[in-house]
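The structure under discussion appears below in the form of structure tokens.
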Amino acid sequence: MSVPKTSILVLDCAEPVELAEFYAQLLDGETRVAENPDFVEVIGSNGVHLAIRRDHGYAPPSWPRPEDSQQAHLRIVVALGDMDAAEREVITLGGMPVDTKDNNGPRDERVYADPAGHSFTLAVSAKRSEYSGPGARPEDPARDVQP
């Protein structure tokens, strides 16, 4: 019998509360600060679970330079018709464009950096396009996850 587990992607940064607020707003979620204020969780409305941890020696990643290449990044999946609106939301919240050429199609991917410098991608999902709109969810969101 396997022990029940939950995985959480943890991002390091200098100011965890501020970065957690960025992702909570972007993912339509909420933040949770427990006993340790250096560790803030973000619970998104569609089941996304992140944590932000204070690292007093934090230095932002320097993507895409190979000598300091990233170790991981978030892939945030949106419906085809929602890409431009999602991009405006990212920038309004303080995200910075890194590689945002408009592919305008089913393989549209745009790369940004969050306020602490972590890269993340907005990507179109054909499956998610069928379910766009507030509160809409695909039947199997795991199909949108890319390795």
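The values are calculated or read from the model by the stated rules, or taken from the named source; none is laboratory data. Here the structure is a predicted model, which means the values were calculated and not measured. The accessibility values were calculated without ligands, DNA or RNA, using every heavy atom of the protein model including side chains. Shrake-Rupley method; radii C 1.70, N 1.55, O 1.52, S 1.80 Å.
When the range 24-55 is filtered for residues that are within 15 Å of the chain's Cα centre (by Cα), part of a loop (DSSP other than H, G, I, E, B) and at pLDDT 90 or above, the ones remaining, listed by number, are LEU27, ASP28, GLY29. Check off (1) more than 14 Å from the chain's Cα centre (by Cα); (2) at pLDDT below 90; (3) under 19 Å from TYR112 (Cα atoms); (4) of a type in the set (A, V, I, L, M, F, W, C) for ALA14 and give me the number that stays unchecked. Checking ALA14 against (1) more than 14 Å from the chain's Cα centre (by Cα); (2) at pLDDT below 90; (3) under 19 Å from TYR112 (Cα atoms); (4) of a type in the set (A, V, I, L, M, F, W, C), the one that fails is (2). Residue-level check: of (1) closer than 21 Å to VAL78 by Cα; (2) open to solvent by less than 90 Å² (accessible area, probe 1.4 Å); (3) assigned to a loop (DSSP other than H, G, I, E, B), GLU21 misses just (3).
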